[in-house]
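Report on the structure given below.
The values are calculated or read from the model by the stated rules, or taken from the named source; none is laboratory data. Since we're looking at a predicted model, the values are computed, not measured. Cβ placement follows ideal geometry from the backbone for every residue including glycine, while neighbour counts extend to all protein chains displayed.
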């Protein structure tokens, strides 16, 4: 006669625990999602125990059928997942930072020791609800649905690795099993700058001084990265259309003053987004002047990078590093030019270049969309037509891409023209004082 088993659930110090050793598990606290300690509710404990039994039985069947092994807790496997992504070159350092942040928030909600097989679709949905209330950067507002979707994708990618490495059975991805109602970003036109706005921003960059230590706000003592010449950096963004990481990872040898070109190609500091992203773009006259002044100035780079991070020198690290975060500098110059903090971001500059380039002439005729798409590193014209092409209020037909203060005279609306003249005058005054 088979020996009758005791109750699987037991109470310790008023809280419920489960004994799953007969199924290959262990003595485990029955912790509801979003909590850190075992439950005191008997009904909740029973539901958690039943769910855990189903998971362990499914795992045993998987081990018996296809040899799937034991999986570490979420925290430990997340560390392994990030390490493998870095080793295999699946993401840039910048992208890995975002993935790491998303997985850290997953560990904060589910628990570092939470088994991957114990995270259900319902638990993932609860996490998405929790993320919607999570404060964004500097605690100003909650995460958007688009940001929540990025978090879900990061967790889903972790599960795909576990399945591919035969550590979980097929169909064990709870994010993929959530078939309907996932949060997603709302499609809308990307933010960009018109020619006169870009010209004003470049003027404001002249007020930046590297010998100062700036902070994001008065209560934050973490200074952002010092940049040798902010004007040259932003000009390179606005006059090449390069992606943020592509521009920050440019080498000095990528700029050819004789051929009047700037070349985007992979190097030891960063890769490119796609194989078709390698390209050569024109070195427009305004950018040439800015870069020549920068390379002849006091903050000219001495290593390979065109725009190295000076923050490393302040910290005592002599290794040459890429810039990683210029948002603090952008917030300061944005305020100088009359924008609010957070309004100006690096992604806008790529859209700005495309909009300005589409208004230029190529040998007397309007430039072709194919030419612009190749300068942006696209293999087809679709993205230029659907995403990057913007039609502003001012048609600025020229032979070259440029953002000069004199363009203010071409603003049709008198009130707007007057307002921008005043903003330019205020910026020039601050530049003289700085």
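Remarks
- Selection count, segment 108-121, where residues are surrounded by fewer than 18 Cβ atoms within 10 Å (Cβ to Cβ) and either free of Cβ contacts under 8 Å to residues at least 24 places away in the same chain or touching a strand residue (DSSP E or B) at 6+ places or on another chain (Cβ under 9 Å) (or both): 3
- Taken together, the residues in segment 287-308 that are crowded, with 18+ Cβ neighbours inside 10 Å and not in a loop (DSSP other than H, G, I, E, B) amount to 6.
- Within the span defined as segment 385-405, one or more residues are assigned by TED's automatic domain parsing to the domain that holds residue 323, modelled with pLDDT of 90 or more and assigned to a helix (DSSP H, G or I).
- Residue count for segment 363-412, restricted to those that are surrounded by 14 or more Cβ atoms within 10 Å (Cβ to Cβ) and within 24 Å of the chain's Cα centre (by Cα): 12
- Note on segment 140-159: residues that are closer than 22 Å to residue 118 by Cα and modelled with pLDDT under 85 amount to 0.
- Scanning segment 327-345 finds one or more residues that are out of contact with any strand residue (DSSP E or B) (no Cβ under 6 Å at 6 or more places or on another chain), crowded, with 22+ Cβ neighbours inside 10 Å and assigned to a loop (DSSP other than H, G, I, E, B).
- Taking the criterion of being surrounded by fewer than 20 Cβ atoms within 10 Å (Cβ to Cβ), closer than 18 Å to residue 301 by Cβ and touching a helix residue (DSSP H, G or I) at 6+ places or on another chain (Cβ under 8 Å), the residues of segment 245-264 that qualify are 252, 257, 263.
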